[in-house]
1. Give me the distance in nm between label points sitting 7 Å out from Cα along the Cα-to-Cβ direction at Arg480 and Ile168, one decimal.
2. Can you tell me how region 1-44 classifies by the Cα gyration tensor, rounded, prolate or oblate, using a/c under 1.5 as the rounded cut?
3. I'd like the carbon and sulfur percentage of the solvent accessible area for region 407-477, probe radius 1.4 Å, heavy atoms only, ligands and nucleic acids excluded.
4. At a 1.4 Å probe radius, which order do Glu487, Glu479 fall into by accessible area, largest first?
5. Beta carbons within 10 angstrom, averaged per residue: use that to sort the peptides 47-54, 168-175, highest first.
6. What is the extension gain from Gln31 to Leu79, computed as 0.36 nm multiplied by their sequence separation minus the C-alpha to C-alpha distance, in nm to one decimal?
7. Each label point is 7 Å from the Cα along the Cα-to-Cβ direction; what then is the distance between the points at Glu186 and Lys253, in nm?
8. Please list, by residue number, everything in region 421-435 whose backbone N is under 16 Å from a paramagnetic label point 7 Å out along Cα→Cβ of Asp414.
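The values are calculated or read from the model by the stated rules, or taken from the named source; none is laboratory data. All of these numbers come straight from a predicted model, not from anything done at the bench. Reconstructed Cβ throughout: ideal geometry from the backbone, glycine too, with neighbour counts over all protein chains shown. For accessibility, only protein heavy atoms count, side chains too; no ligands or nucleic acids. Shrake-Rupley method; radii C 1.70, N 1.55, O 1.52, S 1.80 Å.
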Amino acid sequence: MTLGRDPTCDVVIQDPRASRIHAEILYQDGQFFLLDKNSTNGTFVNGARIERQNINPGDALVLGSSRFIVVEGMDTSALEWLDGELPQVTAQLSLDVFGKKLSEISAVYSRREGLEDAKAALPEGFDVGAAQKLMKNLQIIYDLSRDFTNIMVFKELFDKIKKYIYDIFPEVERFCILTRTEEKKEFTPQLLSARNQQEEGNFDISRSIFNLTVEKKVSVLTVDAAEDARFQNSESIVGLNLRSSMCAPLVIKGEVIGAIYCDNRAKPACFDDQDLELFTAMANQFAVALSNTRLYEEVQRAYHESILALINAIEAKDPYTIGHTQRTSRYALGIAQEMNLSDQQRHRLKTSSELHDIGKIGVKEKIISKAENLSNSEYQSVKEHVIMGEKILKPISYLHFVLPIIRGHHEFFDGSGYPDGLKGEEILLESRILTVADAFDAMTTQRPYNAPMSFAEALKECKNKAGSQFDPVVVDALERYISANYELTDVNIFKKMQSKGETASPF
């Protein structure tokens with residue numbers, strides 16, 4: 001995660017004392033680290049200037065004139081288990097029985113034109129009022145399943161679950177989600193919520209109710225635990241003043257992955273059997289959504305680890321590439337911003353920028369670092385790096401979207417590029433953007449084969465080649481981005497920076 005004034009940073013700091021790319025946060029081996037990115041005014045942790053520092057909850061960070069406090073996402077220590085006998089359980093709902101009942105009523109309703117016909121078709125003795133409420137609940141379940149179709153990150157998912165619970169059950173005062181740890185030895189809270197936010201720091205739950213729910217795979221309803229004769233002398237129940245609660249298991253493929261719990265500590269009989277049915281149905285939807293989010297997070301983690309491994313491989317081959325990759329990605333995303341590209345296009349562009357030179361692993365080091373003009377055979381070898389990059393990444397199925405972008409990032413707008421001689425809009429837009437960003441960085445940094453230009457000179461060169469080597473629309477977007485975010489000077493920007501002892505990087 002990058003932090004700074006540059007609009008393409010993950011965290012944009014509107015602070016004139018902050019550098020454009022001021023700092024970066026990395027997650028490695030279970031710890032978070034803050035890295036200073038050669039900022040002008042430095043990065044501080046708890047008052048001490050740092051280059052790289054492990055950060056923990058409570059640490060104070062200063063970037064420029066901006067101060068940040070490191071906090072945990074949620075305080076789960078507020079949960080306390082109440083041990084003792086099981087409070088009075090007024091209803092238990094087996095998931096198998098509920099599923100069968102839901103299927104039956106759904107089938108009856110789907111075969112009829114309306115509710116009156118559906119009533120007539122119901123089994124003798126079936127509670128019509130209950131059927132009507134169940135129909136309403138079915139609509140809620142349908143709406144919920146539609147809303148949870150898209151995969152969300154955990155925070156977004158928990159926020160949506162919390163909203164549904166409070167909207168549908170107006171008597172719910174408090175709500176929590178507990179999930180099983182990866183070691184599958186215990187359940188830990190993922191969300192503790194109170195309708196009155198001032199009460200969020202005080203959350204108690206009966207261990208007996210919870211254990212019954214997860215061990216028997218049943219949903220549990222208590223109407224008035226405080227009136228249970230067995231607990232009249234129990235300080236925990238009396239002190240808690242627990243009147244009404246519901247608890248339902250989160251089950252995926254027969255395995256309990258957690259549970260959801262809600263209660264009201266002021267009113268008895270807040271919930272009835274059909275509330276428990278609806279709560280159970282919602283728990284089924286939540287379980288699927290949680291499972292999908294967990295899988296998504298695992299895929300994303302594997303994806304980022306693969307990206308890091310590939311970038312490390314490039315760096316090992318050519319130390320210059322790490323700076324080039326970062327800068328090219330920055331310019332490409334800046335162009336995308338100016339062209340108002342979609343989030344999906346920006347994602348494709350960012351990943352492609354990071355991996356566009358992976359094929360150089362197959363090019364001999366003496367060719368990469370050669371200062372003299374390349375021979376025809378050497379130049380052919382360099383040109384092969386786009387094909388090599390495509391071959392290296394092809395076995396990774398979830399990176400297939402980058403293959404045509406990387407293959408095309410040396411195609412020229414007039415058709416004189418390689419490897420396929422594509423021209424104009426035959427070249428993917430992301431490739432056309434990457435071509436400009438890649439060339440701009442090559443012009444403005446020290447390479448074995450050229451001295452760096454100033455940004456103004458490089459922009460002029462890009463404009464001269466607009467329509468031949470580069471897409472004119474992309475060049476215009478680059479000029480807008482660079483002009484708005486960097487100083488244009490006729491004096492070589494890198495010589496000026498090096499005279500100050502700074503790194504020769506445009507950020």
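1. That separation, rounded to one decimal, is 4.5 nm.
2. Working: a/c = 2.94, a/b = 1.65, b/c = 1.78.
Verdict is oblate for region 1-44.
3. Answer for region 407-477: carbon and sulfur cover 52 percent of the accessible area.
4. Numbers: Glu487 130, Glu479 55 Å².
Final ranking, largest accessible area leading: Glu487, Glu479.
5. Values: 47-54: 12.1, 168-175: 18.4.
Averaged packing, sorted descending, gives the order 168-175, 47-54.
6. Answer, rounded to one decimal: 14.8 nm.
7. Between Glu186 and Lys253, the simple spin-label model gives 2.7 nm.
8. The answer is 421-425.
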